[in-house]
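Below: one structure, written as structure tokens.
The values are calculated or read from the model by the stated rules, or taken from the named source; none is laboratory data. Treat the numbers as computed from the prediction; the structure is a model and nothing was measured. For neighbour counting, all protein chains shown are included, and Cβ atoms are generated from backbone atoms with ideal geometry for every residue, glycine included.
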Amino acid sequence: MKAEKVIVERTFKAPADKVWSAITDISEMKNWFFQLAEFEPKVGFKFDFMGGPENGKQYLHLCEVNEVIEGKKIAYTWRYDNYPGNSLVCWELIDKGEETLLRITHTGLETFAEIGEEFQKESFNEGWNYFVHTALKNYLETEA
């Protein structure tokens with residue numbers, strides 16, 4: 001089984017602390033990411049949410065934070081309730097003063113291969129590109 005991963009990067013015209021807050025503060029995450037009931041950037045914190053293709057089947061995502069470097073990196077496992085497979089989502093911030101490079105790396109996608117078309121690398125690539133280049137960009141650029 002060939003290892004599959006998606007990497008999405010974007011430089012935002014925002015300082016690293018603002019980007020960090022957008023990706024780790026639940027009150028901000030609700031404005032551009034999935035609707036999470038709870039989230040804390042703490043190792044061992046478990047969270048879940050419903051998500052899936054627009055106008056398609058929704059899946060319960062089960063995640064657990066497994067690494068936090070305050071202001072620089074957060075990583076969590078990502079799997080689906082009652083389906084095989086387990087992956088890892090890693091968000092890394094590179095501080096460039098008034099700008100911040102955000103890199104998302106989602107590894108382990110090959111473990112979802114047998115579930116179906118919605119779980120192929122292309123679907124994850126499309127989803128992460130939307131969140132980074134559209135949803136988060138719009139949120140950070142319109143924040144007062």
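Brief remarks on what is shown
- Identity of the residue in region 84-128, hydrophobic (A, V, I, L, M, F, W, C), under 24 Å from Glu54 (Cβ atoms) and within 16 Å of the chain's Cα centre (by Cα), that ends up modelled with the lowest pLDDT: Phe119
- Residues located in region 1-38, provided they are hydrophobic (A, V, I, L, M, F, W, C), touching a Phe, Trp or Tyr at 6+ places or on another chain (Cβ under 8 Å) and under 20 Å from Gly127 (Cα atoms): Val6, Val8, Val19, Ala22, Ile23, Ile26, Met29, Trp32, Phe33, Phe34, Leu36
- Pro53 out of contact with any Ser or Thr (no Cβ under 6 Å at 6 or more places or on another chain) and either loosely packed, with under 14 Cβ neighbours inside 10 Å or farther than 24 Å from His133 by Cβ (or both): yes
- Selection count where residues are assigned to a strand (DSSP E or B) and not polar (S, T, N, Q), scope region 29-67: 14
- Out of Thr134, Thr105, sole residue that is hydroxyl-bearing (Ser, Thr, Tyr), closer than 22 Å to Ala14 by Cα and touching a strand residue (DSSP E or B) at 6+ places or on another chain (Cβ under 7 Å): Thr105
- The residue that is nearest to Thr100 (Cα to Cα), counting only those in region 46-69 that are of a type in the set (D, E, K, R) and touching a residue at least 24 places away in the same chain (Cβ under 8 Å), is Glu67.
- Which listed residue is surrounded by fewer than 18 Cβ atoms within 10 Å (Cβ to Cβ) and either of a type in the set (A, V, I, L, M) or at pLDDT 95 or above (or both), from Phe45, Phe39: Phe45
Quick grid of which residues meet (1) within 13 Å of the chain's Cα centre (by Cα); (2) more than 30 Å from Ala113 (Cβ to Cβ):
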| site | (1), (2) |
| --- | --- |
| Ile23 | yes, no |
| Phe34 | yes, no |
| Lys46 | no, no |
| Glu67 | no, no |
| Lys72 | no, yes |
| Trp78 | yes, no |
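- Among the residues of region 1-36, the ones that are among the basic types (Lys, Arg) and either surrounded by 15 or more Cβ atoms within 10 Å (Cβ to Cβ) or touching a strand residue (DSSP E or B) at 6+ places or on another chain (Cβ under 9 Å) (or both) come to 4 in all.
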